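As structure tokens, the structure follows; a few thoughts come after it.
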Amino acid sequence: MDREDSVRGEPTTERGNQEPHTTLLVADEIGQVKEVGLRSADGGKAFGEPSTRRLAKTGIGAGVGSIRPNAAVSICGLPWKGGEGQFAVGRRCGRVEVVETIASHSADDSADCEASLLFECGLPVQKGGAGAGDLLGLMPLGAFSVASCTTSGVVEVWRPSSLDGNPEAAVRLNTLASNAGQPSSQKLDLDPGRPAECFSTWDNLVAVAGKANNARVFDLGAPSAEEPIFHARSAKPNELGIWEKPWVTCCGFVPGEGGQLVALGTAEHQVRLYDRRVKRRPVLSVDFGENKVTCLCFPCEEGASREVWCANATGQIRLVDLRTAGEGGEGVGASLKGALGCVRSLTRHPDPAVPLVFACGLDRHLRVFDLRRRKQVKSVYLKQYLNDAAVVVAGGEPAGQAQEEEEEEGGLRRKKAKRARRS
Amino acid sequence: MALVENEDALHDVNVVKNKQKRNEIVRKIKKRRKAAKKADKEKRQKFLKEQGLPLPKPQTIESKRTHDETFVAKDDPEILEEESTDEFADLLSGTEPPSLLITTCPKPSKATHTFVKELECVFPFSTYKKRKETTLVSQVVEYAIDQGHTSVMIINEDVKQVDAMTLIHLPHGPTLSFKLSSLRLSHSIFGHGKALRDNFPELVMNNFRTRLGRRIGRSLRSLFHTKPMCHNRQVATFHNQRDYLFFRHHRYVFEKRKEKVKASESETGEPKTQTKIQTRLQELGPRFTLKLLHIQKGILNWRHGEFEWCNTQDNKDSEKGYNRRTYVL
């Protein structure tokens, strides 16, 4: 009864306990953004049927031969909007659009709302011949800006000049510019297509890495932002003298360390930890699986725990303990089973009290894993290849504990929900 | 003489120490129970028939399949939209004919060679190229792209028996890996025919219902020409049952036969003849079974490729646990 209503998109605010306590925006390969609402069932023990709604449809050309320029590649919350349900959706061709979740106003049945253009990054006109590339990702940078990165290594920082205005590029950084001047002592054959394959932000720091391109960390707040403040090096050659050419496929700053520690996943199934304070070579290296590591996610936002959930191209999601690895310890610990194909993105629920991790990828499902029980709790079939997921409403534990969260995002809607629950 | 208290209780039978006698009693009890069950069933069905209610359908393995939410509904707009821009859209719209390069693992034996020769007759526009020992798969793919082929099929063998098939669609297409079994070449099929080369057979794709199944169905369809030569009356069938794809290749013929209608049914009393159309099939070509091992999104690249679906140990754990009535295609 309720399920069909919510699937059709009718408002469910009257029924307080049927509202989703966690909403996710999922970006897929044909350019749609779907809003998935997870609601609790059985008094909060399990997850009931999710509701899905299509949000953004764009009129750009669809593409051919599975090269889709309007594929939605990345979703990130706009930090200056304070989490009022506005998210930036980045498409592969460089267009970034704003998408509003339907939470803040009454749900309309026509779920195909047009997304309005926010900005376009990496336009060839602006580049001045640096080479066009696909959009790699969008990430919030600090409290006021959003950073975008293309596969050719151009990072742009977008900051709105006024509160409601569209952001403009405040900083434009060609992260590979420092490559041009260097004599290549070792022949790094730069693949002209994708020198940047992953990108991560922390405060004012940006890390970019890719094929034949070790991680470089740039400080965008510093006056000389063109030079990286840290340029990683590969691990030393092994006893046979074999040196692995670098191919980094995912990276992330370890939270709680002020941007000093960077974790990377490589295409040669290694997870590496770099410490900026110590040395340029990796401090730790863990072997995980047999395929390239596609994404990383940290279980705790703050705190000294050094664990990373890593996912690879075959759908294996494993917990790598960065403390015990490389010392004779196992390194690769728990696993989250259930993904059938390459995992394109692992997102942790932003609320530390809610131990949920969401995995989405090429098996067309969004999977919800409980980090305490380490089991798949729910899987939502979303029909398309999924590229990225972002959590919208940081809801609390289902059925009752939600009232404790006062400072959550999405203020108006949460207050409505709280009122409905209390009454 | 009643040796047990309650003649119908199986567990009381343990009182009887003589094994022969004990077994006899058990058999009698079971026989009685079976007869009672049958009588019950007949009574129930008779009752339903009298009432005019439909009889319940018997359960089959297929009917007990766990519900799969990825079943594609007819004309799902999202799926159609995705398919209009996927790797097979060009081939399936008929703008360009397919072109298949068939090759084998290095150093194939005679079994593989005969199989490949038969495959050439199955797929239109296919060419077989002998694989050198030093050629890598990536080099084969490069060569195929240079020559303008749309897909590459690599037949693998183990212990002189064909056991796997890898289908790589070009230029960015997905790579499908199948396990090949139950191969029967045409010479071992009784009454087989010989397939015409460069013929566009009609296709029958059965039971590709899930999203994954649909994708595989499209990829197999893209190996054939979109406009079949119906006058050649050749049919290639890919039948999916419980995740196994059965391939059959037939030639069919519709024959008209005149049959005499029974004399009691005719009104005038003269013998009437009816024309019936009978279909006859002649099997051509090889017969084999495929099972999907994994699908990669790009060209075959074990180390750096991204898998759309791969059958790892992780898949066995789902929310409800492993269920052997769960199928993928």
When ranked by the protection proxy of mean other Cβ atoms within 10 Å per residue, highest first, what sequence do the peptides A:197-207, B:282-292 form?
A:197-207, B:282-292
Do any GluC sites (Glu not before Pro) in the stretch B:4-63 lie in a DSSP loop with no more than 13 other beta carbon atoms within 10 Å, and if so, which?
B:Glu5, B:Glu7, B:Glu62
Report the number of Lys pairs in the stretch A:195-336 whose alpha-carbons are under 13 Å apart, with separation of 8 or more residues or on distinct chains.
4
Sequence of A:Lys211, B:Lys130 once ranked by neighbouring C-beta atoms within 10 Å, starting from the fewest
B:Lys130, A:Lys211
In the stretch B:10-51, lysine pairs 8 or more places apart or on different chains with C-alpha atoms under 15 Å apart total 8
Given backbone amide H placed at 1.01 Å from N, residues whose amide H is under 5 Å from that of A:Ala334, ignoring those fewer than 5 places away on the same chain, are A:Leu319
Histogram of C-alpha separations across chain B, 10 Å bin width, %:
5, 18, 23, 18, 13, 12, 9, 3, 0
Would you mind ranking B:Arg209, A:Arg233, A:Arg348 by Cβ crowding within 10 Å, fewest neighbours first?
A:Arg233, B:Arg209, A:Arg348
Angle, helix B:110-122 long axis vs. longest principal axis of chain B, Cα atoms, 0 to 90°, nearest 10?
80 degrees
Using the Cα centre as the reference, give the magnitude of the dipole from point charges on the C-beta atoms of chain B (Lys, Arg: +1; Asp, Glu: -1; all else neutral), rounded to the nearest 20 debye.
2600 debye
Residues with amide H under 5 Å of A:Lys378's amide H, sequence separation 5 or more or different chain, H placed in the peptide plane at 1.01 Å from N; which?
A:Val368
Please compute the average number of Cβ atoms from other chains found within 10 Å of each residue's Cβ in peptide A:382-391.
2
The whole-number value in µm²/s of the Stokes-Einstein translational diffusion coefficient for the stretch B:192-303, with Rh from the Kirkwood sum over alpha carbon pairs at 10 °C and 1.306 mPa s, is 92 µm²/s
Rh (Kirkwood, all Cα-Cα pairs) for the stretch B:10-51, Å, reads 12.0 Å
Could you give me the ³J(HN,Hα) list for the stretch B:68-81, computed from phi with Karplus coefficients 6.51, -1.76, 1.60 and θ = phi - 60°, whole Hz, x at Gly and Pro?
10, 6, 8, 4, 8, 6, 5, 6, 6, x, 5, 5, 5, 5
Could you line up B:Ser182, B:Ser219 from fewest to most neighbouring Cβ atoms inside 10 Å?
B:Ser182, B:Ser219
If you build the Cα gyration tensor of the stretch B:86-235 and take the root of 5 times each eigenvalue, what three semi-axes come out, in whole angstrom, biggest first?
22, 21, 15
Diagonalise the Cα gyration tensor of the stretch A:195-336 and give the resulting equivalent ellipsoid semi-axes, square root of 5 times each eigenvalue, largest first, whole Å.
22, 18, 14
In Hz, Karplus ³J(HN,Hα) per residue of the stretch B:201-211 (6.51, -1.76, 1.60; θ = phi - 60°; x = Gly, Pro)
x, 7, 10, 10, 10, 10, 6, 8, 9, 7, 4
In whole Hz, what ³J(HN,Hα) sequence does the stretch A:70-76 give by Karplus (6.51, -1.76, 1.60; θ = phi - 60°), x for Gly and Pro?
9, 4, 7, 9, 8, 10, 8
Can you compute the charge dipole magnitude of the stretch B:10-51 about its Cα centre, using +1 on each Lys and Arg Cβ and -1 on each Asp and Glu Cβ, nothing else charged? Give it in debye, rounded to the nearest 20.
180 debye
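Throughout, read-outs are computed from the coordinates displayed, never taken from laboratory work. Keep in mind it's a predicted model, so treat the numbers as computed, not measured. Virtual Cβ from ideal backbone geometry, glycine too; neighbours counted across all protein chains shown.
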